[in-house]
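Student: Below you'll find the structure I mean.
No lab work stands behind these numbers, since they all come straight from the coordinates. What you see is a predicted model, and the numbers here were worked out from it, not measured in a lab. Glycine gets a Cβ as well: all are built from the backbone with ideal geometry, and neighbour counts include every protein chain shown.
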Amino acid sequence: MTTGLSVLELIDQVTHHEERTPAMFDLLVETLSALNASTKNYQTYLQAFQLRLAALFGYAPNFDACGQCGKPVLIGNGERQVAFQIVRGAVFCTKCCTPNDSSLHNSDQSIAFTTLSVQGLQIVRRLVHAQLSSLSTLEFDARVGNEMNELLRLYLRYHFDGLKPLKSAEFFQQQHISTM
Ligand SMILES: [Zn+2]
């Protein structure tokens, strides 16, 4: 229920009253149907929905190819993190940019970066490419879950002007705290 409410709350924030957006309606139906059929990993449906929503508005993030050189971003050479540029919605290969690069932490919005753990990168790729109906099989720990939430919060806040924190997401956190 909380995930479904978050999805609806987000749509309410990014659309204008009485605007016809059939693609978003289809995405909503698909997300809620998949969520309804699932019995676990509910938050992944919201995360996958957020990525698809951004794509519908022309802000599809690219986690596969480097935003600088265009080559596939391969992992497995001992790196623990990769850089992700929020403005361009692109991940960077370690040849073009390392997460420790001091320029990444410049407060200038035009080069705003964040970092993504290798495990986080693997999960976000699956969130982007997987069928919504298969998300309940996607297992990851709370640390990666928090990383996804933070990445999506930064990404959506940048690309959707005036986006407010989701009330239903606060409820998520309270639930999380109360079960710790
Ligand atoms: Zn590169």
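Student: Given the DSSP H assignment, sum -39500 (n - 2.57) over each helix run of at least 4 residues in the chain and divide by its residue total; what's the result at 222 nm in deg cm²/dmol, nearest 500?
Tutor: Value at 222 nm, helices only, nearest 500: -15500 deg cm²/dmol.
Student: At each listed q (0.15, 0.19, 0.23 Å⁻¹), what is the log10 of I(q)/I(0) that the Debye formula gives for segment 1-79 modelled as equal alpha-carbon point scatterers?
Tutor: Here the Debye-derived log intensity ratios amount to -0.65, -0.86, -1.05.
Student: Of the listed peptides 23-31, 50-58, 73-81, what is their order by residue-averaged count of other C-beta atoms within 10 Å, with the highest listed first?
Tutor: 50-58, 23-31, 73-81
Student: Mean projection of the alpha-carbon convex hull of the chain over all orientations, in nm²?
Tutor: That works out to 11.1 nm², a quarter of the Cα hull's surface.
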